[in-house]
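Below: one structure, written as structure tokens.
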Amino acid sequence: MLDYAESVTKLIDEFKRLPGIGHKTAQRLAFHIMRVPQADVERFTEALLEVKRRIIFCTVCNNLTDVDPCRYCANPSRDRSVICIVEEPYNLVAVEKTRSYKGLYHVLHGSLSPIRGLGPDDLHLANLLPRMRPENNDGVEVLEVILATNPNTEGEATANYISRLLKPLGARVTRIAMGMPVGSDLEYVDEVTMDKALANRHEI
């Protein structure tokens, strides 16, 4: 790093702060920025600043949005009796791509992880329980909450914790099914996935 100008070193260090970006990738990104025209860099910089200026948390579901409430919460055609809980905003997008889910969402912005020091207070849970009351949900009773956290240790711990919070309220609490991905081969499936697939089998 001593061979680079100070400004280049600073740029590489900033890229390394991004999730999933190691030293070599940060280096490639920095040199890419130096090669592109000034106008492209300014457009990129403006896009970053605009996101920081305009994007906020939806006060209802915590989704990232430029209007409050977000488009999902404000849409009168959504089924308000069902709430799908996801870890991150991009998980919401994955559910929407199915085009089969028509309910509302709740975004946690993380999962429980004692190793990383993340507890319940670090998740966006404070506005979840009030949403369960009809007076806070356009007069509609929430009948089902779908826990769509990731199928890993942290996601399972988060789902179990939220399930214990919600069960006393009387709503049906369900967990997304896990098992064999479509298009995969049994030969390459690990034992945990196979176990889940067998547990979640259904009649045809």
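Just so you know, all these numbers are worked out from the coordinates, no wet-lab data involved. Note that this is a predicted model, so its numbers are computed, not measured. Because the Cβ atoms are built from the backbone with ideal geometry, glycine has one as well, and the counts that use them run over all protein chains shown.
Report the relative contact order of the chain, percent, no decimals, based on alpha-carbon pairs under 8 angstrom and at least 6 residues apart. Once normalised by length, the contact order is 13 percent.
Would you give the gap between the C-alpha center of segment 33-82 and the C-alpha center of segment 161-184, rounded to a whole Å? The two parts, judged by their Cα centres, are 28 Å apart.
Placing unit charges on each Cβ (+1 for Lys and Arg, -1 for Asp and Glu) gives the chain a dipole about its Cα centre, and among Leu118, Met180, Gln38 the Cα reaching farthest toward its positive end belongs to Gln38. Computed about the Cα centre, the dipole magnitude for segment 6-54 is approximately 200 debye when only Lys and Arg (+1) and Asp and Glu (-1) carry charge, each at its Cβ. Using volume of the Cα convex hull per residue in Å³ as the read-out, say which of (1) 138; (2) 116; (3) 208 was calculated from these coordinates. Step by step, volume of the Cα convex hull per residue in Å³ for this structure corresponds to label (3). When the trypsin sites (Lys or Arg not before Pro) in segment 138-204 are filtered for DSSP coil states and for at most 14 other beta-carbon atoms within 10 Å of their beta-carbon, the remaining sites are Arg201.
Within the chain, the longest segment free of exposed loop sites, counting GluC sites (Glu not before Pro) that fall outside DSSP classes H, G, I, E and B and have at most 13 other Cβ atoms within 10 Å, spans 1-140. Across segment 185-199, rounded Karplus estimates of 3J(HN,Hα) from the backbone phi angles (6.51 cos²θ - 1.76 cosθ + 1.60, θ = phi - 60°) give 10, 3, 4, 9, 8, 6, 5, 5, 4, 5, 4, 5, 4, 5, 5 Hz, Gly and Pro being marked x. Cα axis of helix 23-35 to longest principal axis of the chain: angle in degrees, 0 to 90, nearest 10? Relative to the chain, helix 23-35 is tipped by roughly 60 degrees. With both labels modelled 7 Å from their Cα along Cα-to-Cβ, the Ser7 to Asp66 distance reads 3.0 nm. The angle between the Cα long axis of helix 6-16 and the longest principal axis of the Cα atoms of the chain comes to about 20 degrees, rounded to the nearest 10.
Rounded to the nearest 10 degrees, what's the angle between the helix 38-54 long axis and the longest principal axis of the chain, both from Cα atoms, 0 to 90? For helix 38-54, the angle is close to 30 degrees. Label-to-label distance for Met34 and Glu135 is 6.3 nm, based on points extended 7 Å past Cα in the beta-carbon direction.
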